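A quick write-up on the structure given underneath.
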Amino acid sequence: ATISVLNGPNLNLLGVREPGMYGNKTLLDIQNSLELMAGQLGHQLNFFQSNAEHAIIEQIHLAYSQSVDFIIINPAAFTHTSVAIRDALLATKIAFIEVHLSNVHAREAFRRHSYFSDIAVGVICGLGARGYELALQAAHQILLERTH
Ligand code: DQA
């Protein structure tokens with residue numbers, strides 16, 4: 001199957017950005033390990049990051065037109081602000097898992113609300129870069145169940 005991994009603003013700075021909060025791995029490190037894992041599981045991975053809301057929306061539209069089977073998304077700060085990205089996911093009806101590196105519930109109050117969690121298949125937060133791998137594993141199993 002084809003799985004898109006979408007990353008929101010400032011995640012291009014992973015490794016440098018607040019390492020105590022987000023860890024030492026770069027986004028490229030995460031991409032490399034996910035691509036390896038996806039290959040082993042027999043999936044095609046589209047990995048994407050943008051600091052621009054419209055670019056993420058267009059990537060979701062593209063995923064729809066390319067019949068992408070599943071999305072893993074870390075909307076980053078757009079988690080707490082973006083009705084527009086929420087609407088793109090609702091419009092395209094692509095099942096998705098929401099991932100956050102940090103435990104958003106243990107931080108500022110404004111990070112507790114997500115525009116995505118109520119429409120996500122599941123949410124993973126607080127487990128660092130490992131969260132993406134767990135999401136990919138879960139997506140793999142969900143896709144298998146779909147075809148049975
Ligand atoms: C984040 C959490 C968000 O609150 C924050 O704005 C981010 C990263 C995370 O992965 O922990 O940019 O999504």
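The values are calculated or read from the model by the stated rules, or taken from the named source; none is laboratory data. Keep in mind the model is a prediction, meaning the values are calculated, not measured. Positions of Cβ are generated from backbone atoms using ideal geometry, with glycine treated the same way; all protein chains shown enter the neighbour counts.
H54: exposed (fewer than 14 other Cβ atoms within 10 Å of the Cβ), touching a helix residue (DSSP H, G or I) at 6+ places or on another chain (Cβ under 7 Å) and farther than 24 Å from Q141 by Cα, yes or no? No.
Scanning region 93-109 for residues being of a type in the set (S, T, N, Q) and crowded, with 18+ Cβ neighbours inside 10 Å gives a total of 1. If you go through region 58-105 and keep only what is in contact with a Gly (Cβ under 6 Å, 6 or more places away or on another chain), within 9 Å of the ligand (Cβ to nearest atom) and closer than 15 Å to I119 by Cβ, you end up with P75, F78, V99.
Put simply, of L11, L6 the only residue that is within 12 Å of the ligand (Cβ to nearest atom), under 23 Å from E108 (Cβ atoms), touching a strand residue (DSSP E or B) at 6+ places or on another chain (Cβ under 8 Å) and aliphatic (A, V, I, L, M) is L11.
Each residue in region 1-48 was checked for being modelled with pLDDT under 95 and either assigned to a helix (DSSP H, G or I) or of a type in the set (S, T, Y) (or both), and 4 of them qualify.
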